[in-house]
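Scroll down for the structure; my scribbles are underneath it.
The values are calculated or read from the model by the stated rules, or taken from the named source; none is laboratory data. The structure displayed is predicted, hence computed values, not measured ones. FYI the Cβ positions are ideal-geometry reconstructions off the backbone, even for glycines, and counts take in every protein chain you see. SASA here: full protein model, heavy atoms, side chains in, ligands and nucleic acids out. Shrake-Rupley method; radii C 1.70, N 1.55, O 1.52, S 1.80 Å.
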Amino acid sequence: MPRITARTVPEHREAQRRAILDATRELLAAAPDVEPTFADVAAKAGLARPSIYHYFASREELFRAVVVDALPRWRETIAAATGAHDDPAARIAAYADANLTLVADGEHAVIRALVSFDPRALADPRIAQMHAALVEPLVGVLRDAQVPDPEVVAQLVNAVVQRAGAMIEGGADVPTVRRAVRTLLTSTVGTPDAG
C-alpha cells in the first residue's frame, strides 16, 4: 500500500490529484504542441504511472479536469483586475490587460492545447458554461457604465481581446499590442487611465 503523505486519506488523495493537475499543466506550458502521456505526467508528478488511473480514467478526463481547474482562476484574475478600478474605461482596459497578461504568461496556450487534444471538451456543458463566464466581468462593467446592449458590446470587445491574444501568441510585442488595444477600446466608454 502506498505511503500516505497527508494527515488524512482524503487530504492525501487531493494532494495527489493536485500534483497530477499541476504536472499536466507544466508539461503543456513547456510544450503546448505535445500531448502528454500518463507516463509523462506521472514522472513529472513524482508518481508511478498506474497511480494516475486512480484519479483519471483517460487522458481526455485528465485534460478536461485541467481546463475545469484553470478557467475559474482565469475568471478570478479578470474579476480582480476589473474590480480594482472605479472608472468604467479603466475597468474595460483592465479586463483587456488581464486577459492579455494571461495569454502572455502562457495560460491560453495551455487551454488551447488541451482543447486541441480533446476537441469535444468545449461541448462539455460545465466547461462551456465556465468558458462563457469569462466575459461576465466585462458585461458587468458595461452595464454599470450604462452602455447600450452590453452583451453585444462585450462580445465585440472580447473579439478584439482574443485577436490581440492570438497576435501575442504569434510573437507580437506585448506592450505594442496592449497599447493598440487600449487605443481601440477608448471609444467604448471614454478614455482609460494609464494604470
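Looking only at the stretch 63-86, count every residue that is under 12 Å from Ile127 (Cβ atoms) and open to solvent by less than 20 Å² (accessible area, probe 1.4 Å) and tell me the total.
Qualifying residue count for the region: 6.
Select, from Asp86, Asp22, the only residue that is without any contact (Cβ under 8 Å) to a residue 24 or more places away in the chain and within 30 Å of Leu184 (Cβ to Cβ). I'd like the intermediate steps shown before the answer.
Working: Asp22 fails: within 30 Å of Leu184 (Cβ to Cβ).
Result: Asp86 is the single residue among Asp86, Asp22 that is without any contact (Cβ under 8 Å) to a residue 24 or more places away in the chain and within 30 Å of Leu184 (Cβ to Cβ).
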With the requirement that a residue be more than 22 Å from Leu27 (Cα to Cα), in contact with a Leu (Cβ under 9 Å, 6 or more places away or on another chain) and among the aliphatic types (A, V, I, L, M), what does the stretch 64-85 give you?
Ile78
Which of (1) farther than 25 Å from Leu27 by Cβ; (2) surrounded by fewer than 20 Cβ atoms within 10 Å (Cβ to Cβ) is the odd one out, the single condition Ala89 does not satisfy?
(2)
Restricting to helices (runs of 4 or more DSSP H) lying wholly in the stretch 1-115: which have 3 or more residues that are aliphatic (A, V, I, L, M)?
9-30, 38-45, 59-83, 88-104
Residue by residue through the stretch 43-62, note down the ones that are surrounded by 13 or more Cβ atoms within 10 Å (Cβ to Cβ) and either within 21 Å of Ala109 (Cα to Cα) or touching a Pro at 6+ places or on another chain (Cβ under 8 Å) (or both).
Lys44, Ala45, Ser51, Arg59, Glu60, Leu62
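Determine whether the stretch 153-162 contains at least one residue that is open to solvent by less than 20 Å² (accessible area, probe 1.4 Å), small (Gly, Ala, Ser) and touching a helix residue (DSSP H, G or I) at 6+ places or on another chain (Cβ under 8 Å).
Step one: list which residues in the stretch 153-162 are open to solvent by less than 20 Å² (accessible area, probe 1.4 Å), which gives 154, 157, 161.
From the residues that got through so far, the ones that are small (Gly, Ala, Ser) too are 154.
Next, from what is left, pick out any that are touching a helix residue (DSSP H, G or I) at 6+ places or on another chain (Cβ under 8 Å): 154.
The answer is yes; a qualifying residue exists.
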If only one of Arg143, Arg179 is out of contact with any helix residue (DSSP H, G or I) (no Cβ under 8 Å at 6 or more places or on another chain), at pLDDT 90 or above, open to solvent by 90 Å² or more (accessible area, probe 1.4 Å) and in a helix (DSSP H, G or I), which one is it?
Arg179
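Does Arg120 qualify as being buried (at least 20 other Cβ atoms within 10 Å of the Cβ) and among the charged types (D, E, K, R)?
Values: buried (at least 20 other Cβ atoms within 10 Å of the Cβ): no; among the charged types (D, E, K, R): yes.
Here the answer is no, as Arg120 does not meet what is asked.
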For the stretch 93-115, which positions are polar (S, T, N, Q) and open to solvent by less than 20 Å² (accessible area, probe 1.4 Å)?
Asn99
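Being closer than 16 Å to Ser116 by Cα and among the basic types (Lys, Arg) narrows it down to one residue among Arg17, Arg75, Arg49, Arg64; which is it? Reasoning before the result, please.
Values: Arg17 fails: closer than 16 Å to Ser116 by Cα; Arg75 fails: closer than 16 Å to Ser116 by Cα; Arg49 fails: closer than 16 Å to Ser116 by Cα.
Only one candidate qualifies: Arg64.
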